[in-house]
Amino acid sequence: MPTKSFLAGEEGTLTVPVPAYLIVHEKGSVLFDTGMNPAAAHDHGRYTDQIHKSNQLHVTPDELLDARFMQAGFDLSRVTHLVNSHLHYDHAGGNSLAPDVPVIVQSRELDHARRAGLPFGYVAEDFETGQSFTTVDGEHDLFGDGSVVCIPTFGHTPGHQSLKVKTGNGTFVLAGDACYLRRTLDKLHLPRFRADEDAMIASLMALRELQTRGARIMYGHDPEFWQDIPQAPARLG
Ligand SMILES: [Zn+2]
């Protein structure tokens, strides 16, 4: 994608990873974001032609979520909770891989996705899968013990949320697109596109506050950051 999409004013292009996360808790297993639609790998033209032309998607079948689960030896049917940071095509594309699991999303995000549609990065076939939605407003504690909590981080989209996860190895904040890159947070260098700039800055300040208190921020699309992060089948926490 054009680098300015991630860092306003910068030239060139940037190739970024598209992460998804599995959190295993004694009361359930949580999928946070689902990456690309399998059609992006299997039927490249049909799917990608409907997305922004300036973006090129590279995804192979063995990078899709179902393949990653298989590589990790984890049966997708064990997923009990599916949380979307937001409903853009690189975050909700694989929702249909867990067809019986309700999708937890901020209510204002679902409303916006349905209204805004394709020109704003929302592909109906990604999230209108027949799955039920559990819509939430603001913070939402999945297991009631403070270990896995949706936190509103509006700004990238009107209803974006991040996930705060407490593990034996500390607290992680899966930022999603509230914070694309480490530089976004360190320098407050905003992307070109902001649904709501004031909300985006407030969300970044909230992430900084969590970082100050010791949380580790998982940047949504930072290619350098992800080079050093263990990925499935390895474990982080
Ligand atoms: Zn994204």
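The values are calculated or read from the model by the stated rules, or taken from the named source; none is laboratory data. Bear in mind the structure is a predicted one, so any value in this text is a computation, not a measurement. Virtual Cβ from ideal backbone geometry, glycine too; neighbours counted across all protein chains shown. Heavy atoms of the whole protein, side chains included, go into the accessibility calculation; ligands, DNA and RNA do not. Shrake-Rupley method; radii C 1.70, N 1.55, O 1.52, S 1.80 Å.
Those residues that are more than 23 Å from Gly9 (Cβ to Cβ) and hydrophobic (A, V, I, L, M, F, W, C), I need them from region 181-216; list them, please.
Ala206, Leu210, Ala215
Confirm whether His58 is open to solvent by 60 Å² or more (accessible area, probe 1.4 Å) and closer than 20 Å to Tyr21 by Cα.
yes
Matching residues to (1) within 16 Å of the ligand (Cβ to nearest atom); (2) buried (at least 16 other Cβ atoms within 10 Å of the Cβ); (3) over 29 Å from Ala113 (Cβ atoms):
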site: Leu190; (1), (2), (3): yes, yes, no
site: Arg194; (1), (2), (3): yes, no, no
site: Glu197; (1), (2), (3): no, no, no
site: Met200; (1), (2), (3): yes, yes, no
site: Ala206; (1), (2), (3): no, yes, no
site: Leu210; (1), (2), (3): no, yes, no
site: Ala215; (1), (2), (3): no, yes, no
site: Phe225; (1), (2), (3): yes, yes, no
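For the structure I just gave you, tell me whether Ser162 is within 14 Å of the ligand (Cβ to nearest atom) and closer than 23 Å to Val24 by Cβ.
So Ser162 passes the test.
I'm checking my understanding of the structure. Among residues of region 82-102 that are within 16 Å of the ligand (Cβ to nearest atom) and hydroxyl-bearing (Ser, Thr, Tyr), which one is modelled with the highest pLDDT?
Ser85
Among the residues of region 85-101, what is the count of those that are free of Cβ contacts under 8 Å to residues at least 60 places away in the same chain, crowded, with 24+ Cβ neighbours inside 10 Å and not hydrophobic (A, V, I, L, M, F, W, C)?
2
For region 151-179, give me each residue that is part of a strand (DSSP E or B), buried (at least 24 other Cβ atoms within 10 Å of the Cβ) and out of contact with any Phe, Trp or Tyr (no Cβ under 7 Å at 6 or more places or on another chain).
Scanning region 151-179 gives Gln161, Ser162.
Residues that are over 19 Å from His160 (Cα atoms): find the helices (runs of 4 or more DSSP H) completely inside region 180-231 holding 3 or more of those.
182-187, 223-227
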